[in-house]
Amino acid sequence: MTFKESKTIEFKQLVTENAKNEVIAFTNTDGETLLLGIADDGTVVGLKNASADLDRVVMMLKDGISPDLMPFLGLRIEVKENKEIIVIKVHKGPMRPYYLNGKGIKVSSVYVRRGTCSDQASNLEIDKLLRERQGDAFETYPSYRQDLSFETVNYEFLNNGKEFNTEKMISLGLQSKNNEFTNLGLLLSDQCPYSTAIIVFSPATGTTAIDTIVFTGFLLKQLKVILDYIEA
């Protein structure tokens, strides 16, 4: 099997510090995949100790890129032609531009994809990325979790005679046109990790907390339970 490089796929035969530049370039552009253990001509050469190399890559990317990009990376070992390679799936980051840690946002530390190459970004490209970031709302960012389900939302839609499908999810902003779940999708998913707390203060002082109730689970269910609590 022979692979071919493209705008969305990059090969590296060995694990080197240069992998950070490639990951930054992908996340600052449209994301996609970096393969370690593949020669420039697409030949599978494999890694001698893929497990140790994976640990090294994780630490390299965690410590070497700002802002934190780890929630938007998928790293795994795959076997191709009986040889182990490392696959790094890079998602388009919500806090672009990403850059080499410790160097700040400047031409020498920000990379983007141009065709099949990763190059240093120009000042104009950096400015464009910064403007895009400042104009984005939190709910439109890709969710750090992509293994989401929406059984509760689907039930509510069906209960009201409405269809809940991918087209509806995109129109509501739960899913992007790139088929990535957004933070809004995370909020309304069955896996919603956020909770709501109500603090009850003493009527006598108005400042002394006498009780705290925490509500968890599906966000709309939290809202219903909270309203029932307040009205009780």
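Quick notes on this one:
- Helices (runs of 4 or more DSSP H) (entirely within region 134-232) containing at least 1 residues that are more than 30 Å from residue 91 (Cβ to Cβ): 151-159, 219-231
- Taking each residue of region 98-125 that is among the basic types (Lys, Arg) and looking for partners that are not in a strand (DSSP E or B) with beta-carbon atoms closer than 6 Å, six or more apart or interchain, yields 103/109; 113/7; 113/25; 113/29.
- Beta carbons closer than 8 Å, at least 6 apart along the sequence or on distinct chains, pair a first residue in region 153-170 that is modelled with pLDDT of 90 or more with a second that is part of a loop (DSSP other than H, G, I, E, B) and of a type in the set (Ser, Thr, Tyr) for 153/189; 170/176.
- Tally of residues being surrounded by 15 or more Cβ atoms within 10 Å (Cβ to Cβ) and of a type in the set (A, V, I, L, M) across region 182-208: 4
- Taken as a whole, region 122-134 holds at least one residue that is surrounded by 16 or more Cβ atoms within 10 Å (Cβ to Cβ) and modelled with pLDDT of 90 or more.
- Region 171-181, subset of a type outside the set (Gly, Ala, Ser) and either crowded, with 17+ Cβ neighbours inside 10 Å or in contact with a Gly (Cβ under 7 Å, 6 or more places away or on another chain) (or both), residue nearest to residue 153 (Cα to Cα): 174
- Residue in region 84-103 that is polar (S, T, N, Q), surrounded by 14 or more Cβ atoms within 10 Å (Cβ to Cβ) and modelled with pLDDT of 90 or more present: yes
The values are calculated or read from the model by the stated rules, or taken from the named source; none is laboratory data. Keep in mind it's a predicted model, so treat the numbers as computed, not measured. Glycine gets a Cβ as well: all are built from the backbone with ideal geometry, and neighbour counts include every protein chain shown.
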